[in-house]
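Heads up, the thing below is written out as structure tokens.
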Amino acid sequence: MKLGINGLGRIGKLSVWHHSGRKFFSEIVVNIGREVGQGLHDLAAAIERDSTYGKLGNYLHGYKGGRVIENLNEAAGTMTVNGVPLTILRQARNPGEIKWKENGVRMVVDTTGVFTDPTADADAPKGSLRGHLKAGAEKVILSAPFKIKAKGLNMPDDAVTTIMGINTDDYIPTKHSLISGASCTTTCLSYMIKPLMEHFGADNFLSASMVTIHAATGSQQVLDRLPNAGATDLRKNRSILNNIILTTTGAAKALKLVIPEMGNIGFIAESVRIPTSTGSLIILVLNFQDDLQNPIKRDLINSIYRDYAAHSPYLVYTDEQNVSSDIIGTPFAAATIEGSENHTRTASIKVNLKKLGVGCLNGQPDILDIPVTQAVIYGWYDNELGSYTNMLADRTVSIAEQMV
């Protein structure tokens, strides 16, 4: 089977890295819809080198390295990457006009971040995710969360959001043709939440909040620039090299799609962008209804993660002291739990029943003492290659294996 990739940004390029090493797909067809530099040699150089991860040859073969991109054919737009044939399409930007069918591509991973609305019509003038289906693809995997732009529209029946190992079985091959791999943050967060939910049960979660300390992305500016007309968030136009930038994340909304029980739990998610190229951190705060006689302690929290990690290829538990660069490239680690920093506090919370309109019950006092444990949990993730791209690639292969 051939794999189609639309876009050659961070996730698109690193997907080429992953699949050229994995060699599950017989050929990779990448659509960029435009010319690059002075020709195919410049494009090959952009694929082969990376400011964050180094050279592709070293990624694939370690210290032996060596050049792995060969057999460039400018006229045909072809080359081989680690022996895997790679075809570059440079004509169309609109998904509906990409020659997937002519190139024998049945599965496409859209990494552009532009076409995220699963309700948009295949013939939308500016293009849409469904355009890939019109152009011949049978399955389209989106490397971002779905975003429905029109108010009042529900998720289409043929669209589903899944994270490998979390809700893999929600994907039904005969039903779903559009599959979102959520986001890097949602992927990490789901692996921080699920082990605790399986142990304690969703009913014992009172509330949750998280902040992701996130590496820079392409949406930030290198230097300050004027905002576009109508822009509402002026911080996006400030230099990421010089600033910590407050922004937003859709992780809380997306998490409900892969762990539905979160829909009944009050959850706040925030994001801060920092001047690093990759390697991010989630600080998760959970409040549990607890028992003062036997409260939840850090050792229990850590043991839950340690046991889960022993049986999951996507969760890593460590007692080491890490910094963000230590996480870069960690293969298939949706989340790396830093157990030495996790901690809990249990206290008796006073609840005034009068404020709830209940008042005194059967002679009981108006003030109730409720034991609550707050847990703070730290989870690292390589938001580009190590965590998200590798996880997305596993999901891509698992879906391809189910295609006839």
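The values are calculated or read from the model by the stated rules, or taken from the named source; none is laboratory data. The shown structure was predicted, so the numbers you read here are calculated from the model rather than taken from an experiment. Every residue, glycine among them, receives a Cβ derived from its backbone with ideal geometry; neighbour counts consider all protein chains shown.
Considering only region 374-395, I want to know if a residue exists there that is β-branched (Val, Ile, Thr) and farther than 26 Å from residue 110 by Cβ.
So far as region 374-395 goes, yes, one or more of its residues are β-branched (Val, Ile, Thr) and farther than 26 Å from residue 110 by Cβ.
Against the definition (crowded, with 21+ Cβ neighbours inside 10 Å and in contact with a strand residue (DSSP E or B) (Cβ under 9 Å, 6 or more places away or on another chain)), how does residue 285 come out, yes or no?
The answer is no for residue 285.
So the check is Cβ under 7 Å with 6+ separation or different chains; which pairs have a first residue in region 164-179 that's acidic (Asp, Glu) and a second one that's buried (at least 18 other Cβ atoms within 10 Å of the Cβ)?
So the pair list comes out as 170/160; 170/162.
Taking the residues in region 11-38 that are part of a loop (DSSP other than H, G, I, E, B) and crowded, with 18+ Cβ neighbours inside 10 Å as candidates, determine which candidate is farthest from the chain's Cα centre (by Cα).
This residue is 33.
So that you can scan it fast, the table gives a plain yes or no per residue for (1) among the hydroxyl-bearing types (Ser, Thr, Tyr); (2) buried (at least 20 other Cβ atoms within 10 Å of the Cβ); (3) within 30 Å of residue 312 (Cβ to Cβ):
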site: 95; (1), (2), (3): no, yes, no
site: 98; (1), (2), (3): no, yes, no
site: 107; (1), (2), (3): no, yes, yes
site: 118; (1), (2), (3): no, yes, yes
site: 127; (1), (2), (3): no, yes, no
site: 130; (1), (2), (3): no, yes, no
site: 134; (1), (2), (3): no, no, no
site: 146; (1), (2), (3): no, yes, yes
site: 161; (1), (2), (3): yes, yes, yes
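Can you tell me which of (1) under 16 Å from residue 282 (Cα atoms); (2) buried (at least 21 other Cβ atoms within 10 Å of the Cβ) is the one residue 247 doesn't meet?
That leaves (2) as the condition not met.
Among the residues of region 99-123, which ones are in contact with a helix residue (DSSP H, G or I) (Cβ under 7 Å, 6 or more places away or on another chain) and not aromatic (Phe, Trp, Tyr)?
Hits for region 99-123 are 107, 108, 109, 110, 111, 122, 123.
Quick check on my filter: what residues within region 365-386 are over 29 Å from residue 299 (Cα atoms) and either of a type in the set (Gly, Ala, Ser) or free of Cβ contacts under 8 Å to residues at least 12 places away in the same chain (or both)?
Selection gives 365 alone.
Read through the list (1) without any contact (Cβ under 8 Å) to a residue 12 or more places away in the chain; (2) in a helix (DSSP H, G or I); (3) outside the structural domain of residue 286 (by TED's automatic domain parsing), then give the number of the only condition that residue 404 fails.
Status for residue 404: all satisfied but (2).
Output the qualifying pairs, or none if there are none: Cβ atoms under 9 angstrom, residues six or more apart or on different chains, first residue in region 218-243 and touching a residue at least 40 places away in the same chain (Cβ under 8 Å), second residue part of a strand (DSSP E or B) and of a type in the set (Val, Ile, Thr).
220/245; 220/247
Only one of (1) under 23 Å from residue 86 (Cα atoms); (2) in contact (Cβ under 8 Å) with a residue 40 or more places away in the chain fails for residue 136. Which number is that?
Evaluating residue 136 over (1) under 23 Å from residue 86 (Cα atoms); (2) in contact (Cβ under 8 Å) with a residue 40 or more places away in the chain leaves (2) as the failure.
Among the residues of region 188-209, is there at least one that is assigned to a loop (DSSP other than H, G, I, E, B), surrounded by 14 or more Cβ atoms within 10 Å (Cβ to Cβ) and in contact with a strand residue (DSSP E or B) (Cβ under 7 Å, 6 or more places away or on another chain)?
For region 188-209, residues assigned to a loop (DSSP other than H, G, I, E, B), surrounded by 14 or more Cβ atoms within 10 Å (Cβ to Cβ) and in contact with a strand residue (DSSP E or B) (Cβ under 7 Å, 6 or more places away or on another chain): absent.
Only one of these is of a type outside the set (Asp, Glu), in the same structural domain as residue 131 (by TED's automatic domain parsing) and closer than 19 Å to residue 395 by Cβ: 39, 7. Name it.
Exactly one of 39, 7 is of a type outside the set (Asp, Glu), in the same structural domain as residue 131 (by TED's automatic domain parsing) and closer than 19 Å to residue 395 by Cβ, namely 7.
Do we have residue 271 as of a type outside the set (A, V, I, L, M, F, W, C) and within 25 Å of residue 246 (Cβ to Cβ) here?
Here the answer is yes, as residue 271 does meet what is asked.
Do we have residue 47 as surrounded by 18 or more Cβ atoms within 10 Å (Cβ to Cβ), touching a strand residue (DSSP E or B) at 6+ places or on another chain (Cβ under 7 Å), of a type in the set (A, V, I, L, M, F, W, C) and closer than 16 Å to residue 385 by Cβ here?
Yes, satisfied.
Which of the residues spanning region 1-54 are more than 22 Å from residue 137 (Cβ to Cβ) and of a type in the set (Ser, Thr, Tyr)?
Correct list: 51, 52, 53.
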